[in-house]
Amino acid sequence: MISHPSRQCTVELQALPSRIGQVRRILSAQLRYWHLDQLIDRATLGVTELLTNVHRHAQPDKMCTVEIELLLDRLTVSVRDHDPRLPVVENAGEMSTCGRGLAMVAAMSESWGARAEGESGKVVWFTLPTAVAERVPEVGSLADDALAGREDAVLPAASAVLG
């Protein structure tokens, strides 16, 4: 399900590799709609890393919620899952093939963090600065355009939970 207040987009999904690609496309399309094209690369890289962590580590299931929210001059991307264990930034060795994701998120974002939500899981988030927040449309969303048949809307599963 995607909710679509004017400056927020939420996607619920099972963190599987094929679904991660769908979320990247949804995130990119929403940022284009908000005229924040300059944030697409960093936002999709960050959400890919967070969703990959859910796919690799989350227990008892891989269900999660991705939320993007634009407030004033900052975009926040967060991933909520059901695993209460907080992530740890690893010091990956030169030859390691994994363990760099959170360090990369920290390096490319303005800020990032994780917070426990009791027994219901945790939220891991990062923020990106934007100087063009005032150009974002006040009403509607990409989901509205997709439902209206707009050609550049890329939301194949916009009205359903991605499972």
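Order the following by accessible area, largest value first: D41, D73, D83, D61. Probe radius 1.4 Å; ligands, DNA and RNA are ignored.
Working: D41 125, D73 80, D83 5, D61 55 Å².
Reading off the accessible areas and sorting them downward yields D41, D73, D61, D83.
Going by accessible area, probe 1.4 Å, with all protein chains left in place, what is the ranking of K62, K122, largest first?
K62, K122
Could you pull the accessible area for S111 with a 1.4 Å probe, rounded to 10 Å²?
For S111, the solvent-accessible surface is approximately 40 Å².
Please work out how much length the chain gains when fully extended from S111 to S18, using 0.36 nm per residue of separation minus the C-alpha to C-alpha distance, in nm with one decimal.
Extending this stretch completely gives an extra 30.7 nm.
Summing +1 for each Lys or Arg and -1 for each Asp or Glu, what net charge is found among the other residues whose Cβ lies under 9 Å from the Cβ of T65?
-2
At 1.4 Å probe radius, can you tell me the per residue accessible area of the range 5-111 in Å²? Working shown, then result.
Details: 5320 Å² over 107 residues.
Ligands and nucleic acids excluded, the result is 50 Å² per residue.
The values are calculated or read from the model by the stated rules, or taken from the named source; none is laboratory data. Not measured: the values here are computed from a predicted model. So basically every Cβ, Gly included, is an ideal-geometry build from the backbone, and we count neighbours across all protein chains shown. Keep in mind that these areas ignore ligands, DNA and RNA; they rest on the heavy atoms of the full protein, side chains included. Shrake-Rupley method; radii C 1.70, N 1.55, O 1.52, S 1.80 Å.
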